[in-house]
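Presented below is the structure to which this report refers.
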Amino acid sequence: LIGLRSRSEATSTIVLATEPGLDQNLEFADPENLDFRLQSTSRFRGNRENCTDLGPYQFLPNVY
């Protein structure tokens with residue numbers, strides 16, 4: 001967890017290797033080019049305790 005600024009950031013981390021059946025192309029904008037913004041249909045949307053998105057970026061409708 002080196003480099004995280006707070007505990008809340010640690011709890012929103014997505015560990016890709018631990019996600020069963022993960023198809024990164026369905027979950028993220030452009031994972032081949034390291035663009036890990038969430039797609040609108042991503043399973044990581046709304047999955048935190050406070051119904052916010054997992055990962056470093058909250059979903060925005062600018063991912064096509």
Per the filter on segment 12-21, residues exposed (fewer than 15 other Cβ atoms within 10 Å of the Cβ) and touching a Leu at 6+ places or on another chain (Cβ under 9 Å) are THR13, LEU16
If we keep only residues of segment 43-64 that are hydroxyl-bearing (Ser, Thr, Tyr) and out of contact with any strand residue (DSSP E or B) (no Cβ under 7 Å at 6 or more places or on another chain), then the residue modelled with the highest pLDDT is THR52
Going through segment 35-59 in order, the residues found to be in a loop (DSSP other than H, G, I, E, B) and open to solvent by less than 70 Å² (accessible area, probe 1.4 Å) are GLN39, SER40, SER42, PHE44, GLY46, ARG48, THR52, ASP53, LEU54, GLY55, PHE59
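The values are calculated or read from the model by the stated rules, or taken from the named source; none is laboratory data. Note that this is a predicted model, so its numbers are computed, not measured. Positions of Cβ are generated from backbone atoms using ideal geometry, with glycine treated the same way; all protein chains shown enter the neighbour counts. Note: areas computed on protein heavy atoms with side chains; ligands, DNA, RNA excluded. Shrake-Rupley method; radii C 1.70, N 1.55, O 1.52, S 1.80 Å.
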